[in-house]
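What follows is a short report on a single structure.
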Number of protein chains: 2
Amino acid sequence: MDRIRIAIVGYGKIAQDQHVPSIAANHRFELVATVSRSSGAPGGIPCFGSVEDLLASGPKVDAVAICTPPSVRYEIARVCLEAGLHSLLEKPPGVTLGECEELVRIAGERRVSLFTTWHAQYNPAVEAAAERLKGERIDTMRIVWREDVRKWHPGQQWIWAPGGFGVFDPGINALSIASRIFPGALIVRGAELLFPSNRETPIAARLAMVSPAATGAIEAEFDWRHSGGEAWDIEVRTAAGETLTLSEGGSRLAVNGEQVAAPGHGEYPGIYAHFAELVDGGTSHVDLAPLRISADAFLLGKRVQVEPFED
Amino acid sequence: MDRIRIAIVGYGKIAQDQHVPSIAANHRFELVATVSRSSGAPGGIPCFGSVEDLLASGPKVDAVAICTPPSVRYEIARVCLEAGLHSLLEKPPGVTLGECEELVRIAGERRVSLFTTWHAQYNPAVEAAAERLKGERIDTMRIVWREDVRKWHPGQQWIWAPGGFGVFDPGINALSIASRIFPGALIVRGAELLFPSNRETPIAARLAMVSPAATGAIEAEFDWRHSGGEAWDIEVRTAAGETLTLSEGGSRLAVNGEQVAAPGHGEYPGIYAHFAELVDGGTSHVDLAPLRISADAFLLGKRVQVEPFED
């Protein structure tokens, strides 16, 4: 089978740290180009200033991995899909549900594979938790996602601009794990969004959800005002009395307090293994649940003004 | 063919003014019950206090028309769909996209018809506009939806509560027309949401959208602070130079300034004619675009605080 010739679009930290090595380690892929305004590329690989340049004068490509900031992802993905390229999107797949739905439509029309990745879902511990919870009745789920925005997003202004998601930028990772492992739909029934008085996006949020698969409370708490180390935890209690705890952002699983080994590819190698399956099988994998839950929280959330935030 | 035995759930103004006469005028339906906490029903029809009561001790029903306020619609629709009843939902079909998606899943599982109605879409002038714009390239679209909230929602507190939509309650009617007539997806790229300092939902909003079918600006302006009569207008300019104007909430169509006759059923008779087709054909009709556009506007909207609003 021919190798899938792939270009990386957007050559920032996540592309360099995760996508380049994962592509290099997967024999189904061959990295043939990058697209970057800052001309970045690993040794010997040509770099183009835009996807239009790549399509006009680059090497032949079959697929792209789009790792740009989310606000420009839609226009780039649209050009790539229209050109018949299989497209992998970093998380979140867009800044609105509308643009994601339109990409789905174009991918269907052009019969190419579209893959909306949520990297945390490909953590082996997350996959193991999903397997254990399949078909279970759930009592409660509690998501706690606390970190220090000054440590994790120093000086990043786009997260505070309208459409920048604020604390939902990390929170959507938690929602991507929660919606992957939960054996039923997660439906927002109430939310509180805490906006610093000088900012356009929330610095903290609380969500109350329900599910046909759950009898008790499903709650999420996101907070960026946490300077004493991170908490990236999800705890699920089943009706059968088992407690599953995913900690460290989905990388460790414990059942009733006992650590469970979860062997597997790891996040990005798992993503590329799945992308190869999609391309080879001629199918797409589109998961908009984390973005939908976020949009629903903004739609019905109570806005609370809190003290200004200065970087 | 047997008549479709239908119950109306929620017996408020819209049920009495629109649903009862439209059901009575359509020979495919027979109104056999209502569900209402205030015990309302047209002469001779039994009324039940809940859908559970109706299912347990009422006459046999095949379908329901759910006309309650939106916040309780999901729980009621879930019970009805699970019980195998074809379900027609007043607009908006829910307060979140998540609950609507879950209803779609249940309807598919139970193989019953789910119909998310947006009454303004069934205006004959709207249908005529959609027909004229099919396949056209669009230059610009401008939506202006201004009314006096004191006149149209006197003393209604739920519209100001979180999840009450605020000015999107009428605005979503405009979006339901716009998304019906526009020959391509409408994608929100920016929004301004004007919140009174003492209220939880916006009193006015501006949306900037794009579409693969349009070359120019697509704009919407919703405003509840308009005391000098209503403006419920949508103007579309095509690339071919034609100007379509839908006015009076979608009830009148003009092309290049000339009124165009648009014969047809009328909004609610059209809705029931379509519901009968869906039930007879064993299919569903689910349109979440107006709700998705609204959620996207809240997700990336810039919040602007404006003067307090007192009823």
statement: Considering segment A:256-298, residues that are acidic (Asp, Glu) and in contact (Cβ under 8 Å) with a residue 12 or more places away in the chain, and then whichever is nearest to the other protein chains (Cβ to nearest Cβ), we arrive at A:296
message: If I go through segment B:144-179 residue by residue, how many of them are at positive phi and hydroxyl-bearing (Ser, Thr, Tyr)?
response: 0
message: Being of a type in the set (A, V, I, L, M) and in a loop (DSSP other than H, G, I, E, B) is the requirement here; does residue A:185 meet it?
response: yes
field: Failed condition for residue A:25, given (1) modelled with pLDDT of 95 or more; (2) out of contact with any Pro (no Cβ under 8 Å at 6 or more places or on another chain); (3) of a type in the set (A, V, I, L, M)
entry: (2)
task: Inspect all residues belonging to segment B:208-217 and state whether any of them is surrounded by fewer than 21 Cβ atoms within 10 Å (Cβ to Cβ) and assigned to a strand (DSSP E or B).
output: yes
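Taking residue A:155 as the residue in question, decide whether it is among the small types (Gly, Ala, Ser), out of contact with any Cys (no Cβ under 7 Å at 6 or more places or on another chain), modelled with pLDDT under 95 and buried (at least 19 other Cβ atoms within 10 Å of the Cβ).
no
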- request: Return the pairs, sorted by first residue and then second, in which the second residue is among the basic types (Lys, Arg) and buried (at least 19 other Cβ atoms within 10 Å of the Cβ), the first residue lies in segment A:64-86 and is in the same structural domain as residue A:19 (by TED's automatic domain parsing) and at negative phi, the beta carbons are less than 6 Å apart, and the residues are 6+ apart or on different chains.
  value: A:66/A:73
- prompt: Residues in segment A:299-311: is at least one of a type outside the set (Asp, Glu), surrounded by 14 or more Cβ atoms within 10 Å (Cβ to Cβ) and more than 14 Å from chain B (Cβ to nearest Cβ)?
  reply: yes
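The values are calculated or read from the model by the stated rules, or taken from the named source; none is laboratory data. The structure presented is a predicted model; accordingly, all values stated were derived computationally and were not measured. Cβ: placed from backbone, ideal geometry, glycine included. Neighbour counts: every protein chain shown.
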